[in-house]
Amino acid sequence: MTRKKKNVLHVYRDISVFAAFSCLFGWLVVRGGREIAYTWHWNQIPRYFFQVDDGVYVSGPLMNGLQVTLQIIGLSLVLAGILGLTTALLRMSTSPVGRWIARIYLEIIRNTPLLVQIFFLYFVMAPILDVGRFATAVLALGMFEGAYASEIFRAGICSIGRGQWEAAYSSGLSTFDTYRKVILPQAIRRILPPLTSQAVSLVKDSALVSTIAVYDLTMEGRTVIAETFLTFEIWFTVAGMYLFITLILSAIASLLEKYVPQRTA
Amino acid sequence: MNENASGLKSQVQPIVVVDSISKSFTHNVKVLDNVSTRVTKGDVLVIIGPSGSGKSTFLRCLNGLEDIDQGTILIDGIPLDDHEKNRLKIRREVGMVFQSFHLFPHMTVLENVNLAQKLVRKKSKIEATQLSKDLLQKVGVDDKAAVYPNELSGGQQQRVAIARALALMPKIMLFDEATSALDPEMIGEVLDVIRDLANDGMTMVVVTHEMGFAREVSDRVLFMEHGCVIEEAPTERFFQQPAQERTRAFLRKIL
């Protein structure tokens, strides 16, 4: 048998195994759906997105929640990026105090639950600093994801060979210029994939800010459920909306990867 | 008469002054042991010696890529000490070429040569490009200006690296086994470029294993072993009447 024929057979075998498992899974879901005897009301869902009253667009709770979630994500992504890069640079700096600060921040944030951090910031720090719920949410998420991002940044920077530093230094470049023009541009390209999964984590973790009554997507969904008891439909919809955000993030990342080719020496 | 004397003095004034420097990586192993030398402006000093003799480390000390434990280094009158400013100043006057090129892979050939001109000399892109093009032509890769380093052969990459080092108009060039990572048929093209530089009167310190080349371009030869200078002499005397038995043994083996 030729190699090509063998490959085609493999593909057919894979597809049939996959189809068999899909059928089994579908059957389980349908059967489970009947067992719980739940009456689905999918037709009621659209109006929680938005309504058109007399030709005027009125956004519903889910759209409002999505907007808040997107704002939180956007701001905390920026904060996480800044904190992550700063922490990574501090950890690799020659200043012992800088390295300590970075280390302490990293260990505290990585070794305590995000939920506890959110509560701590909201109930202890927010009154002292006099900041609102929204700012607390952004701060908590940014600090949490920033700690993880810093390790990604550090790994990326360390992966750039010593020769690049030496070449830059012997061209008379300062450390700042070496980072800016030589090291970081190469490192960023390498850390884009892990950074994307960290961003996706941030999107999902952002649901936790609903615990301090920030009216994000999760909180709005919960409120709608409390009023309507459309538990399954709303949670499925909310999950779908989160999926939508993360898929867009991943798509942007793969576009970047495609158009910024990785070049090695 | 007085004027003449001072003119003469400035001519022979060494541009590189190294006074009894020592360095150890761990407490016991000395990689450099009391090394001193001087390089006069326009001269080519070739450093030879067996592997692990400390010749590359010595070269890397000259632009502060390695720190020294003892001794002093003076480059064009500037002391290479703990002051970051002095270190930067010296690095701007000293170009370096590495064994494995170390071009910046995310930049085109032209951008590689432009970078330091723009950042260090604060030149505009147009000014920088003008000089870069000249330099790339000089080393024979002007047709590759828009190409990324990974599309070049080793010999071409090394010639670009030389152009990059020349872009700051350095007073001294350091070559750290510039041809050791190259395929044999590419060694010649890189040596040609270095030879041209020597003929142009560039002050150079060259670590190399190419003895024929060393003999041809150098004014002085320094032979190192175990971190010590065994012998330093003008080229002809070094190869024809080496003073040290160790030097004779080394030369017998490699020539």
Legend entry - Angle between chain B longest axis and helix B:125-138 axis [Cα atoms, degrees, rounded to 10]: 60 degrees
Inset, instruction - Would you look at the GNM of chain B, springs on alpha carbons closer than 10 Å, and say which of B:123, B:23, B:55 moves the most? - result: B:123
Inset, instruction - Diagonalise the Cα gyration tensor of the protein assembly as shown and give the resulting equivalent ellipsoid semi-axes, square root of 5 times each eigenvalue, largest first, whole Å. - result: 64, 28, 22
Legend entry - Mean separation of Cα contacts under 8 Å, 6 or more apart, over the residue count of segment A:131-204: relative contact order %: 43 percent
Legend entry - Rel. contact order, % - alpha carbon contacts under 8 angstrom, at least six apart, chain B: 25 percent
Legend entry - Per-residue ³J(HN,Hα) for segment B:242-255, Karplus 6.51 cos²θ - 1.76 cosθ + 1.60, θ = phi - 60°, Hz, x for Gly and Pro: x, 7, 9, 4, 4, 5, 4, 4, 5, 5, 4, 5, 9, 8
Legend entry - Whichever aspartates and glutamates have a C-alpha closer than 18 Å to that of residue B:23, once near sequence neighbours (fewer than 8 apart) are set aside: B:33, B:66, B:67, B:69, B:81, B:82, B:225
Legend entry - Nearest 10 degrees, 0 to 90: helix B:109-119 Cα axis against chain B principal axis: 80 degrees
Inset, instruction - List the residues of segment B:80-108 whose backbone N lies under 17 Å from a point placed 7 Å from the Cα of residue B:147 along the Cα-to-Cβ direction. - result: B:101-108
Legend entry - Table column - 3J(HN,Hα) (Hz), segment B:79-93, Karplus curve with 6.51, -1.76, 1.60, x for Gly and Pro: x, 8, 10, 6, 6, 4, 4, 4, 4, 4, 4, 5, 5, 6, 9
Legend entry - Contact order relative to length of chain A, as percent, for alpha carbon pairs under 8 angstrom and 6 or more apart: 23 percent
Legend entry - Residue of A:205, A:54, A:14 that the Gaussian network model of chain A assigns the largest fluctuation, springs spanning Cα pairs under 10 Å: A:14
Inset, instruction - Given a cut-off of 32 Å, name the pairs among A:258/B:171; A:181/B:55; B:30/B:138; B:118/B:138 whose C-alpha atoms lie farther apart than that in the structure shown. - result: A:258/B:171; B:30/B:138
Legend entry - Projected label distance in nm at residue B:83 and residue A:112, using a 7 Å step from Cα toward the beta-carbon: 4.7 nm
Inset, instruction - For an R0 of 30 angstrom, estimate the FRET efficiency from the Cβ-Cβ distance between residue A:263 and residue A:155 and round to the nearest 0.05. - result: 0.95
Legend entry - Helix A:96-110 axis, angle to chain A major axis (alpha carbon atoms, nearest 10°): 10 degrees
Legend entry - Alpha-carbon Rg with Dmax, taken over chain A, Å: 24.1, 76
Legend entry - Simple label model, 7 Å out from Cα along Cβ direction - residue B:181 to residue A:54, nm: 7.5 nm
Inset, instruction - Calculate the mean, over all residues of peptide B:88-94, of how many other protein chain Cβ atoms lie within 10 angstrom of the residue's Cβ. - result: 3
Inset, instruction - Can you tell me the order of B:202-212, B:144-154 when each peptide is scored by its average per-residue count of other Cβ atoms within 10 angstrom, highest first? - result: B:202-212, B:144-154
Inset, instruction - Report residue A:38's accessible area, 1.4 Å probe, all protein chains in place, as a number in Å² to the nearest 10. - result: 60 Å²
Legend entry - Distance between modelled label sites at residue A:131 and residue A:78, nm, 7 Å Cα→Cβ extension: 1.4 nm
Inset, instruction - Within 10 Å of each Cβ in peptide A:173-183, how many partner chain Cβ atoms are there on average? Round it to a whole number, please. - result: 3
Inset, instruction - Ignore the peptide's own chain and count Cβ atoms of other chains within 10 Å of each Cβ in B:164-171; give me the average, rounded. - result: 2
Inset, instruction - With runs of 4+ DSSP H residues as the only contributors, calculate the mean residue ellipticity of chain A at 222 nm using -39,500 (n - 2.57) per run, divided by the residue total and rounded to the nearest 500. - result: -24500 deg cm²/dmol
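The values are calculated or read from the model by the stated rules, or taken from the named source; none is laboratory data. Given the structure is predicted, the values throughout are model-derived calculations rather than measurements. Backbone-built Cβ (ideal geometry, glycine too); neighbour counts: all protein chains shown. Just the protein is used for accessible areas: all its heavy atoms, side chains included, with ligands, DNA and RNA removed. Shrake-Rupley method; radii C 1.70, N 1.55, O 1.52, S 1.80 Å.
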